[in-house]
1. I need the full set of residues from segment 239-273 which are part of a loop (DSSP other than H, G, I, E, B), within 20 Å of the chain's Cα centre (by Cα) and more than 13 Å from L202 (Cα to Cα), in order please.
2. Within segment 132-160, track down each residue that is more than 12 Å from the chain's Cα centre (by Cα) and either touching a residue at least 24 places away in the same chain (Cβ under 8 Å) or assigned to a strand (DSSP E or B) (or both).
3. Looking at the structure I just gave you, is V85 modelled with pLDDT of 80 or more, more than 22 Å from F139 (Cα to Cα) and part of a helix (DSSP H, G or I)?
4. I want to confirm something. Restricting to segment 120-147 and keeping residues that are of a type in the set (G, A, S) and surrounded by fewer than 24 Cβ atoms within 10 Å (Cβ to Cβ), which single residue is farthest from R208 (Cα to Cα)?
5. In segment 161-182, what residues are of a type in the set (S, T, N, Q) and either open to solvent by 30 Å² or more (accessible area, probe 1.4 Å) or not in a helix (DSSP H, G or I) (or both)?
Amino acid sequence: MRLKGVRGSRNIEDRRRAGGAARAGGIGGVGLLVILALGYFAGIDVTPLLQGQAPMTQSAPRELTAGEERAAEFSSRVLATTEQVWGQVFPAQLGREYTPPVLVLYSGVTQSPCGSASGATGPFYCPADRKAYLDTEFFATLSQRLGARGDFAAAYVIAHEVAHHVQNELGILGQVNQRRQAVGETQANALTVRLELQADCLSGVWARAVDGLLEPGDIEEALNAARMIGDDLLQKRAGRVPQPHTFTHGTSAQRARWFAQGYETGDIRQCDTFGVERL
């Protein structure tokens, strides 16, 4: 993705210098993130894999590494592209203004109104404070352990969380949460899948709008990332037989298909995952 010359966003809250969580022993940092990421994306109870691990402790304030600085710059520029895209799409397609979210960068663990943010939660969006949360170490996990390589795969992760903010702006998150509270677990999971697939589609709308910044292979990177974090594949990697009733993000095929839907149409209205029978 060609981000040289793209301005950075001002809506970045970098908490990484304040220190993060450190673990005295046991599974290494990236290995721990892989286990926790599997738990987040696949709805797997990872407690047995973490038994015997030393408790997390808060580390002292520190300087950021060159790699962490690059990750922050990259995240800031990608966030800026989402601001530009949705700032144009909202008036053009919906006749309303768009208010962008804040992206919180942290290391190890931090707090949000939606609860503690850590490797266990993965990247996520909190509607209570209208902020997206990202431990930039997740980029390494995504590439090295989950098989989703390339800078556009990382950009897709950010765009996906911003897409949840778009859903919040449109009132969709609140409506889905109300419906989830009124049904059983299996039905609630099914609603969450539709929510996540819609976010994938909205990420595709963003990708189409930034086409001028794309390099050869970028869309393939995003589609591959969508496949690599499908519930069915992640459950298989964890040694489990895929159990559709536990899915919370959709299958690899579904995630790739809805991202492609958004990319091919560029139309928010084509991302109505709640109005179709077949996902």
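1. The answer is F247, T248, H249, G250, T251.
2. Passing the criteria: E137, A140, T141, Q144, R145, L146, G147, A148, R149, G150, D151, F152.
3. Considered against the rule, which asks whether it is modelled with pLDDT of 80 or more, more than 22 Å from F139 (Cα to Cα) and part of a helix (DSSP H, G or I), V85 comes out as yes.
4. Just the residues of segment 120-147 that are of a type in the set (G, A, S), to begin with: 120, 122, 128, 132, 140, 143, 147.
Filter once more, so that each one left must be surrounded by fewer than 24 Cβ atoms within 10 Å (Cβ to Cβ): 120, 122, 128, 140, 143, 147.
Working: A120: 31, G122: 25, A128: 29, A140: 25, S143: 23, G147: 23 Å.
Only one residue fits best here, namely A120.
5. Once the filter is applied, which keeps residues that are of a type in the set (S, T, N, Q) and either open to solvent by 30 Å² or more (accessible area, probe 1.4 Å) or not in a helix (DSSP H, G or I) (or both), segment 161-182 yields N168, Q175, N177, Q178, Q181.
To keep it simple, each residue is scored yes or no on (1) open to solvent by 60 Å² or more (accessible area, probe 1.4 Å); (2) touching a Pro at 6+ places or on another chain (Cβ under 9 Å); (3) modelled with pLDDT of 95 or more.
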| site | (1), (2), (3) |
| --- | --- |
| C201 | no, no, yes |
| A207 | no, no, yes |
| I219 | no, no, no |
| K236 | yes, yes, no |
| G239 | yes, no, no |
| H245 | yes, no, no |
| T251 | no, yes, no |
| R255 | no, no, no |
| C271 | no, no, yes |
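The values are calculated or read from the model by the stated rules, or taken from the named source; none is laboratory data. Worth saying up front: this structure is predicted, and the values here are computed from it rather than measured. FYI the Cβ positions are ideal-geometry reconstructions off the backbone, even for glycines, and counts take in every protein chain you see. All accessible areas refer to the heavy atoms of the entire protein, side chains included, with ligands and DNA or RNA removed. Shrake-Rupley method; radii C 1.70, N 1.55, O 1.52, S 1.80 Å.
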